[in-house]
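Working notes, beginning with the structure itself.
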Amino acid sequence: MGGMETDPRVVARLAAKREDENWAFRTFLKASCGLSRARLNALARRFGDQAAAQINCLACGACCRDIVVPLTDGEITAMAAAVGLSEPVFTERYVRPIDEHPKAIDAKPCPFQTGTRCTIYEHRPVPCRGYPYIGSDVYEHSIAILERAEICPIAFEMLEQLKTHLGFRRWR
């Protein structure tokens, strides 16, 4: 795998240009790729792991500029303590109901990001720890994967490698 794009701004532009192609690829995966779910997930994990080995997420930080982060009560407690606020003040300042999440941070950008770094990294919530969720079920999470490919160079590269490997006819 060579020539991986690691600049999140370039990835966002490329993903936007390939939006229709990516939705067609989702249909291809669901209708005619011919792989078992386990084999497709193994390929996606391999390509995602290869991409992850080529980028320093802490130097990128793109995910922290545009993501909704669902929170548990325990995560709110830990994050509030990390920034030296009481839970009620922390909740008032940072936590909102967003979509189907009753407690979340709408990270556009994350209020705990400075440059590309998380100021509460050791106390970051589970959704941040697992992003971009390489290894999740591709069939079940295909929409989320397409959304992540617009933000994360790792997810973008994984998707592009899947297209190439599966012989998907790219749009020009």
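Remark: pairs (first residue in the range 32-52, assigned to a helix (DSSP H, G or I); second residue of a type in the set (Gly, Ala, Ser) and open to solvent by less than 80 Å² (accessible area, probe 1.4 Å); Cβ separation under 6 Å; 6+ apart in sequence or on different chains) = 45/135. Count of the range 76-109 residues, restricted to those that are open to solvent by 50 Å² or more (accessible area, probe 1.4 Å), touching a residue at least 40 places away in the same chain (Cβ under 8 Å) and not in a helix (DSSP H, G or I), is 2.
Okay, residues lined up against (1) within 20 Å of residue 152 (Cα to Cα); (2) among the polar types (S, T, N, Q):
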{"position": "10", "(1), (2)": "yes, no"}
{"position": "16", "(1), (2)": "yes, no"}
{"position": "21", "(1), (2)": "yes, no"}
{"position": "32", "(1), (2)": "no, yes"}
{"position": "36", "(1), (2)": "no, yes"}
{"position": "41", "(1), (2)": "yes, yes"}
{"position": "48", "(1), (2)": "yes, no"}
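Evaluation of residue 59 against the conditions (1) modelled with pLDDT under 90; (2) in a helix (DSSP H, G or I); (3) closer than 27 Å to residue 140 by Cα shows that the sole unmet condition is (3). How about the range 83-102: which of its residues are under 24 Å from residue 151 (Cβ atoms) and touching a helix residue (DSSP H, G or I) at 6+ places or on another chain (Cβ under 7 Å)? Within the range 83-102, 95 is the sole residue that qualifies.
When residue 73 is tested against (1) open to solvent by 80 Å² or more (accessible area, probe 1.4 Å); (2) within 20 Å of residue 146 (Cβ to Cβ), only condition (2) is not met. Number of residues in the range 132-155 that are of a type outside the set (A, V, I, L, M) and touching a Lys or Arg at 6+ places or on another chain (Cβ under 8 Å) equals 6.
Scanning the range 133-172 for residues that are of a type in the set (D, E, K, R), under 9 Å from the mean Cα position of the chain (by Cα) and assigned to a helix (DSSP H, G or I) yields a total of 2. Restricting attention to the range 62-75, the residues that are touching a residue at least 40 places away in the same chain (Cβ under 8 Å) and either in a helix (DSSP H, G or I) or more than 14 Å from the chain's Cα centre (by Cα) (or both) total 7.
Check whether at least one residue in the range 118-126 is closer than 25 Å to residue 16 by Cβ, open to solvent by 20 Å² or more (accessible area, probe 1.4 Å), part of a strand (DSSP E or B) and not aromatic (Phe, Trp, Tyr), and report yes or no. No. Within the range 53-67, the set of residues being open to solvent by 40 Å² or more (accessible area, probe 1.4 Å) and over 15 Å from residue 118 (Cα atoms) comprises 53, 54.
The values are calculated or read from the model by the stated rules, or taken from the named source; none is laboratory data. Note that the structure is a prediction, hence the values are computed from the model and not measured. Here Cβ is always computed from backbone atoms with ideal geometry, including for glycine, and neighbour counts include all displayed protein chains. In case anyone asks, the SASA skips ligands and DNA or RNA and just uses the protein heavy atoms, side chains included. Shrake-Rupley method; radii C 1.70, N 1.55, O 1.52, S 1.80 Å.
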